[in-house]
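The values are calculated or read from the model by the stated rules, or taken from the named source; none is laboratory data. As the structure is a prediction and not an experimental result, all values here were calculated from the model. Cβ sites come from the backbone with ideal geometry, for glycine too, and all protein chains shown count toward neighbours. Heavy atoms of the whole protein, side chains included, go into the accessibility calculation; ligands, DNA and RNA do not. Shrake-Rupley method; radii C 1.70, N 1.55, O 1.52, S 1.80 Å.
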Amino acid sequence: MIKVQHVTKRYGAVLALDDLSLEVPQGAIYGLIGPNGAGKTTLLRILAALIPPTTGQVWLDNREVTHAPNAIRRSVGYMPDFFGVYPDLTSAEYLAFYAGIHGVKRRDTERTVTDLLELVDLTAKRDALVETLSRGMKQRLCLARALIHDPAILLLDEPASGLDPEARVEFRELLRTLRSMEKTIVVSSHILLDLAEICSHIAIIREGRLVIEGDVARVMSSL
C-alpha cells in the first residue's frame, strides 16, 4: 500500500505538486495520467525517496519515505523517463554492473541476470552491445535493471514513450506479467489510452493537483 497525504513540492517559485493525496492498493497497476509538467515525475521521484516533499507525507508499506529512505530504495525499483546506458557494455554486463550496485551477491548475479533477460525477452541479446539495441529493447533492458534487486514496488516514468505500436503492446504484456508476480506498479503517461486497458486504478493529475482517482471503471465512467 502506498499513501500520499497532502503532499506539496516546490522548486523555488514553481509549485510542482499542490496538496496531492492518493492511495495505491497493494498489487495494483496504478496509472498516473497527465500532460507534461503535471507533476508526475516529481511524484515518482518522491515515492522513490530520491527527493523529499516540501510538505506532506508519503508512506510505503507503513514506512514514511523521509524517515527511512534507504529502506525505501531497497524495496522500490525506479525506471526514469530517461535512461543512462553504457554503450560499451553488453546487455548481460550492464545488468551485472547494476546487480553489484544493489548488493546482489556475486554467486547469485549470473542467475539473476539470466532470469531477467528471459523475463524481458532479451536472452538472444545477452552478448549484444547496449548501443546496438532498438529503443524498445533498451526500454526492456532498463526495466530489467529496475528489477535487479527484486523490489516489491515498481515506479515507471513514461515507459512507453517513443515506442512503436508493436513495442507498446509488448511492454503492456510485460506489465501484466509483473503484476502476476505480485508487484505493485505505478506507471505514468500523458496518454490515457496507453494505460486504461492494463491498469486496475488510475489518477489524473493536472498542474500538480489531483483531478480524479479510483478504479478504472469508475474513472472512465466519470470522464
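Among L17, L129, L95, which one shows the biggest mean-square fluctuation in a GNM of the chain, springs joining Cα atoms closer than 10 Å?
The residue with the greatest mean-square fluctuation here is L129.
With a point put 7 Å past each Cα toward its Cβ, work out how far T90 is from M220 in nm, to one decimal.
The answer from the label model is 4.4 nm.
Given the pairs K3/K183; K3/K40; K40/K125; K9/K105, which are separated by over 27 angstrom at their Cα positions? Kindly include the intermediate steps, with their values, before the conclusion.
Details: K3/K183 16 Å; K3/K40 15 Å; K40/K125 32 Å; K9/K105 37 Å.
Violating the 27 Å Cα-Cα cut-off are K40/K125; K9/K105.
Working from Cα positions, state the angle (0 to 90°, nearest 10) between the long axis of helix 91-101 and the longest principal axis of the chain.
Rounded to the nearest ten degrees, it is 60.
Between Y11, A96, T41, whose Cα lies farthest towards the positive end of the dipole of the range 1-125 when Lys and Arg beta carbons carry +1 and Asp and Glu beta carbons carry -1, centred on the Cα centre?
Of the candidates, Y11 comes out farthest on the positive side.
Between the DSSP loop rule and a limit of at most 15 other Cβ atoms within 10 Å, which trypsin sites (Lys or Arg not before Pro) in the range 1-107 are left?
On the way: sites: K3, K9, R10, K40, R45, R63, R73, R74, K105, R106, R107; in loops: K105.
Answer by residue number: K105.
M1 to F97: FRET efficiency via 1/(1 + (r/R0)^6), r the Cβ-Cβ distance, R0 30 Å, to the nearest 0.05? Mind dumping the intermediate values first?
On the way: r = 32 Å, r/R0 = 1.08.
The formula returns an efficiency of 0.40 here.
Compute the length gained on full extension between R206 and E173: take 0.36 nm times their separation in residues and subtract their Cα-Cα distance, giving the result in nm to one decimal. Please report the intermediate quantities before stating the final value.
Details: separation 33, 0.36 × 33 = 11.88 nm, distance 2.77 nm.
Taking 0.36 nm per residue and subtracting the Cα distance, the gain is 9.1 nm.
Which cross-chain or sequence-distant (5 or more) residues have an amide H under 5 Å from the amide H of L210, H modelled 1.01 Å from N in plane?
S21
Rounded to the nearest percent, how much of the accessible area of the chain (1.4 Å probe, protein heavy atoms only) is carbon and sulfur?
Working: 5500 of 10800 Å².
Roughly 51 percent of what the probe reaches on the chain is carbon or sulfur.
With a 10 Å cut-off between alpha carbons and a GNM built on the chain, which of A196, A13, A124 moves the most?
Ranking A196, A13, A124 by mean-square fluctuation puts A13 first.
Build a GNM of the chain with springs between Cα atoms under 10 Å: which of P52, P87, P69 gets the top mean-square fluctuation?
P87
Find the Cα radius of gyration of the range 1-101, compare it with 2.2 N^0.38 Å by division, and give the number to two decimals. Kindly include the intermediate steps, with their values, before the conclusion.
Numbers: Rg = 15.4 Å, N = 101, 2.2 N^0.38 = 12.7 Å.
Relative to the 2.2 N^0.38 Å estimate, the range 1-101 comes out at 1.21.
Rounded to the nearest 0.05, what FRET efficiency is calculated for A152 and A13 with R0 set to 25 Å and r the Cβ-Cβ distance?
Numbers: r = 37 Å, r/R0 = 1.46.
Efficiency, from the Cβ-Cβ distance: 0.10.
Taking the DSSP beta bridges in the chain as the whole, what percent of them are antiparallel, to the nearest 5?
Taking every DSSP beta bridge within the chain, about 55 percent pair in antiparallel fashion.
In Å², what does the accessible area per residue of the chain work out to with a 1.4 Å probe?
On the way: 10800 Å² over 223 residues.
Per residue, the chain has 48 Å² of solvent-accessible surface.
Around G34, under 9 Å between beta carbons, what's the net of Lys plus Arg minus Asp minus Glu among the other residues?
Details: positive: K40, R206; negative: E207.
Neighbour charge sum, excluding G34 itself: +1.
In the range 153-223, which GluC sites (Glu not before Pro) fall in coil by DSSP and have 12 or fewer other Cβ atoms within 10 Å? List each step's numbers first, then the result.
Numbers: sites: E166, E170, E173, E182, E197, E207, E213; in loops: E182, E197, E207.
Taking the range 153-223 and a limit of 12 other Cβ atoms within 10 Å, the loop GluC sites (Glu not before Pro) found are E182, E197.
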